[in-house]
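Visitor: Below is one structure. I have some questions about it.
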Amino acid sequence: MSMMFRRVIVVLGMATALLQAAGQVHVDACDVDTTSVSQHVDSIPMQAIGEVTITTRRPGMSRVAGAENTMRINKAELFKAACCNLGESFTTNPSVDVNYSDAATGAKQIKLLGLSGTYVQMLAENLPDWRGAALPFALGYVPGPWMKSIQVSKGASSVRNGYEGITGQIDVEYLKPEDKQGVTLNLYGNSDGRIEANADGNLHLTPRLNANLLAHYEDNLADMDHNHDHFLDQPNVRQVNLQSRWDWLGERYIFHGGLAMINEKRHSGQTQAHHEVAKLFAINLKTRRYEGYMKHAVFLNAEHGTNIALMATVANHDLDGAYGHKQYDVNETNAYGQLMFETMFGDSHTLSLGLSVNHDHLSQDYRMEHVADGPLTHLVEKETVTGAYGQYTFTPISDVLTLMAGVRVDHSSQHGTFVTPRLHLRLHPAQFLTMRLSAGKGYRTAHALAENHYLLASGRQLVIDDLHQESAWNYGITSAWDIPLWGKLLKINAEYHYTHFEHQMVIDMDSDPKITYINNLDGKSRSHTWQVDASYPVIEGLELTVAYRRNDVKTTYGGKLRDKPLTPRYKGLVAASYKTPLGLWEFDVTLQLNGNGRMPDPYETEDGKLSWDPRFPAHCQLNAQVTRWFRHFSVYLGGENLTNYRQPNPIIATDRPWSARFDPTMVWGPVSGAMAYLGIRINLFR
């Protein structure tokens, strides 16, 4: 070590110690990278320093190196908003859209590349998760404070995680048992009567054995009906969510394992203040979910990166649902296992091989008519899929080109044998430019009622066809530019994706105003998506992000190729984040512009008027948050939808909830107005 470097280390150490003693330094693992260097400097008398910590600020979003188009959202980005759960984690960035599916149950769905979240493969640390009946409310099952990062992959992804994920993947990485010891508390409350309490704690039992416990509780303490339609604006949700995680980190063997449980009660419908009807229309959903997972990895040859891994997960999801007199009860069990082998040969070649098995079993009892105590229909859906894959990656030392090609062959007990090819190419021709090309096919088995049971909240009759396996091709091209400008780096990203369906489950609300059909695609269905976003550090501590996306999504309804209903044609985003030099204060503001689009075909009411306008308008939403950081805790105060924009009539025919005209699924905008919140994060023993 040179004398100059030693002196720099000493000066940094003294400055850090002085500032920390004065309580003026905030160092948090959520938004900084830390490097600890232990020093014993004999050449400089009177200076005894045992440890120095050098910190650099980590960006909230970063592109993952490799051939795939993947963005990582870490804690620094998640802390820019309340981020109470996964569904509320994308408000400050342009990665993913999250919209309400209906105004009664509070079900939310992701939209990626202009298409429904059913085409996004949900992963928990590279294990498939949240399938079937869990999909409508899955975004509320992952508490925000539990997440360490989120990885969003657009387009066809790696074949290692399966044949699903037609438009992309979302992989949630939880807090790790091996993270720093201690306890973190997060308490939250908002003006709509929602409260939350979160806790996570880590314990290092031995140098190799670690454990952590994650706990979450939420409740709604008030009935909110801001538009006075005698229906709750949002459901009252009471949820208890627990997860215990363990790991063993050996030199050649690693183990990760965990158990999780969720107990949730969700109530919505007419308010008790409505006395003009003989019987209140109520929606009551009770969910119990239990899950366990394990991962084993053995390193065979460190020089060549040769390793073998076994991953497995099993989940049981039990839902009892009542939508007025309609009923849907489901007990779903999913089991998944994968055996993987990976090795490098030469300096640039990597080979991955694997075997997998997935089993879904859904036992369902349902009543689709508003008949009190009517008979239930029993339906069992089950499928076992076994598969094998191979993936080759070429990464030359020059880093000019990266090629990843994979193919997998799977056999379904329901749909027979099918092949999934996928190809990714990364080009880095100049220091300032990176391009990625992707192409691949994806498949999906649709569980129509399990994935869309929120449709039972509508008075429409639900008619379901005998569905085929869904399949589609996805193609994408992206370019990332890093342009030096006025001494700083302007980052520009441009991307285009095209999705073409061969077979698709289509939800048709156009053909008949009293019926919702779920049937097979009869014609064409495709999606074009363009997006441009840019970020620039305007001044020290101030980051500005601007994004614009255009969606052109069309599907065949009744023999005509039409715009997909309830899908905005475009979206704009402007986000500004400022953090003071010492990191004591942080200010975050996000403005979203949601474009207009087509509504399902309206019908004529008894007075000769249309039930709703044929198109919905564009609208803006403003979110803001101020955070004050202290040495061992932080306080955040914010507001959502500060423009106070609300969809005028999110529920159709509220005066006739037992009729075929009643429909809470025509949602295209916010269902509640401006909301303020306050929260505190506390670090204990860390």
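The values are calculated or read from the model by the stated rules, or taken from the named source; none is laboratory data. Note that the coordinates shown come from a computational prediction; the quantities given were computed from them, not determined experimentally. Please note: Cβ atoms are built from the backbone with ideal geometry, for glycine as well, and neighbour counts cover all protein chains shown.
Visitor: Would you mind stating whether residue 294 is modelled with pLDDT of 95 or more, in a strand (DSSP E or B), out of contact with any helix residue (DSSP H, G or I) (no Cβ under 9 Å at 6 or more places or on another chain) and crowded, with 19+ Cβ neighbours inside 10 Å?
Guide: no
Visitor: Among strands (runs of 3 or more DSSP E) lying entirely in segment 605-686, which contain 2 or more residues that are polar (S, T, N, Q)?
Guide: Because the criterion is at least 2 residues that are polar (S, T, N, Q), the strands (runs of 3 or more DSSP E) in segment 605-686 that meet it are 619-629.
Visitor: How about segment 175-192: which of its residues are within 19 Å of residue 81 (Cβ to Cβ) and not charged (D, E, K, R)?
Guide: Of everything in segment 175-192, those that are within 19 Å of residue 81 (Cβ to Cβ) and not charged (D, E, K, R) turn out to be 175, 184, 185, 186, 187, 188, 189, 190, 191.
Visitor: Only one of 191, 158, 116 is in the same structural domain as residue 242 (by TED's automatic domain parsing), in contact (Cβ under 8 Å) with a residue 12 or more places away in the chain and surrounded by 19 or more Cβ atoms within 10 Å (Cβ to Cβ); which?
Guide: Going through 191, 158, 116 in turn, just one is in the same structural domain as residue 242 (by TED's automatic domain parsing), in contact (Cβ under 8 Å) with a residue 12 or more places away in the chain and surrounded by 19 or more Cβ atoms within 10 Å (Cβ to Cβ): 158.
Visitor: May I ask you to say which residue of 222, 133, 124 is out of contact with any His (no Cβ under 9 Å at 6 or more places or on another chain), within 20 Å of residue 293 (Cβ to Cβ) and not aromatic (Phe, Trp, Tyr)?
Guide: 124
Visitor: State yes or no: is residue 178 within 20 Å of the chain's Cα centre (by Cα) and assigned by TED's automatic domain parsing to the domain that holds residue 264?
Guide: So residue 178 does not fit the description; no.
Visitor: Could you identify the single residue in 495, 502, 451 that is acidic (Asp, Glu), within 26 Å of residue 381 (Cβ to Cβ), assigned by TED's automatic domain parsing to the domain that holds residue 547 and buried (at least 18 other Cβ atoms within 10 Å of the Cβ)?
Guide: 451
Visitor: Just one of the numbered conditions (1) farther than 30 Å from residue 69 by Cα; (2) surrounded by fewer than 20 Cβ atoms within 10 Å (Cβ to Cβ); (3) modelled with pLDDT of 95 or more is not true of residue 254; which one?
Guide: With (1) farther than 30 Å from residue 69 by Cα; (2) surrounded by fewer than 20 Cβ atoms within 10 Å (Cβ to Cβ); (3) modelled with pLDDT of 95 or more applied to residue 254, the lone miss is (1).
Visitor: Kindly provide the set of residues from segment 512-529 that are surrounded by 15 or more Cβ atoms within 10 Å (Cβ to Cβ) and part of a strand (DSSP E or B), ordered by number.
Guide: Selection gives 512, 516, 517, 518, 519, 525, 526, 527, 528, 529.
Visitor: Out of segment 600-655, which residues are of a type in the set (Phe, Trp, Tyr) and farther than 30 Å from residue 92 by Cβ?
Guide: Scanning segment 600-655 gives 603, 612.
Visitor: Could you say which residue among 664, 617 is touching a helix residue (DSSP H, G or I) at 6+ places or on another chain (Cβ under 6 Å), under 26 Å from residue 224 (Cα atoms) and either modelled with pLDDT under 95 or assigned by TED's automatic domain parsing to the domain that holds residue 93 (or both)?
Guide: 664
Visitor: If you go through segment 375-394 one residue at a time, do you hit one that is in contact with a helix residue (DSSP H, G or I) (Cβ under 7 Å, 6 or more places away or on another chain), of a type in the set (Phe, Trp, Tyr) and outside any loop (DSSP other than H, G, I, E, B)?
Guide: Scanning segment 375-394, I find at least one residue that is in contact with a helix residue (DSSP H, G or I) (Cβ under 7 Å, 6 or more places away or on another chain), of a type in the set (Phe, Trp, Tyr) and outside any loop (DSSP other than H, G, I, E, B), so the answer is yes.
Visitor: OK, next. Kindly indicate whether any position in segment 342-356 is at pLDDT below 95, at positive phi, surrounded by fewer than 17 Cβ atoms within 10 Å (Cβ to Cβ) and assigned by TED's automatic domain parsing to the domain that holds residue 403.
Guide: yes
Visitor: With 677, 603 as the choices, which residue is within 25 Å of residue 455 (Cα to Cα), assigned by TED's automatic domain parsing to the domain that holds residue 517 and in contact (Cβ under 8 Å) with a residue 12 or more places away in the chain?
Guide: From the options 677, 603, the qualifying one is 603.
Visitor: Inside segment 209-236, can you point out the residues that are modelled with pLDDT of 95 or more and either more than 18 Å from residue 261 (Cβ to Cβ) or of a type in the set (Val, Ile, Thr) (or both)?
Guide: Once the filter is applied, which keeps residues that are modelled with pLDDT of 95 or more and either more than 18 Å from residue 261 (Cβ to Cβ) or of a type in the set (Val, Ile, Thr) (or both), segment 209-236 yields 209, 210.
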